[in-house]
Amino acid sequence: MQSYEKLKELREDSNCTQSDIARLLNVSQQYYSLCERGIRKLFTHHFITLARYYNVSLDYLAGLVDTPRKLY
């Protein structure tokens, strides 16, 4: 699974909207929508914020492993 697909899956599993996550990352909903579709890329600091928010490791978000590891 690609990292952008994981972004959408994690968001939906958390019952969040794209607007909710966009606010968390301080980006527009439109920009975040493009990220979830793999058209735009998120910055590293956004991935760190999302890893903390979803309590998953960065290697999972990056698509290096298929099983999410908890941070804490």
Checklist entry - Which percent of Cα pairs goes in each bin when the distances of the chain are cut into 10 angstrom slices starting at zero? => result 21, 62, 17, 0
Next on the checklist: From the phi angles alone, apply the Karplus equation (6.51, -1.76, 1.60; θ = phi - 60°) to the range 24-30 and give each ³J(HN,Hα) in whole Hz, x where the residue is Gly or Pro.
Outcome noted: 4, 8, 6, 10, 6, 4, 5
Checklist entry - trypsin sites (Lys or Arg not before Pro), restricted to the chain: which are DSSP loop and have at most 16 other Cβ atoms within 10 Å? => result ARG37, ARG40, LYS41, ARG69, LYS70
Checklist entry - What is the order of TYR31, TYR72, fewest Cβ neighbours within 10 Å to most? => result TYR72, TYR31
Item to check | Environment charge of GLY38, counting only residues whose C-beta is closer than 15 Å and scoring Lys/Arg +1, Asp/Glu -1 | outcome: +3
Checklist entry - Under a Cβ-Cβ cut-off of 10 Å, what is the net charge of the residues other than GLY63 that fall near it, where Lys and Arg count +1 and Asp and Glu count -1? => result -2
Item to check | 0 to 90° range, to nearest 10: angle between helix 3-13 axis and the chain longest Cα axis | outcome: 90 degrees
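Quick note: the coordinates plus some simple rules give every number you see, no bench work behind them. Since the model is a prediction, treat every value here as computed from it, not as a measurement. Cβ: placed from backbone, ideal geometry, glycine included. Neighbour counts: every protein chain shown.
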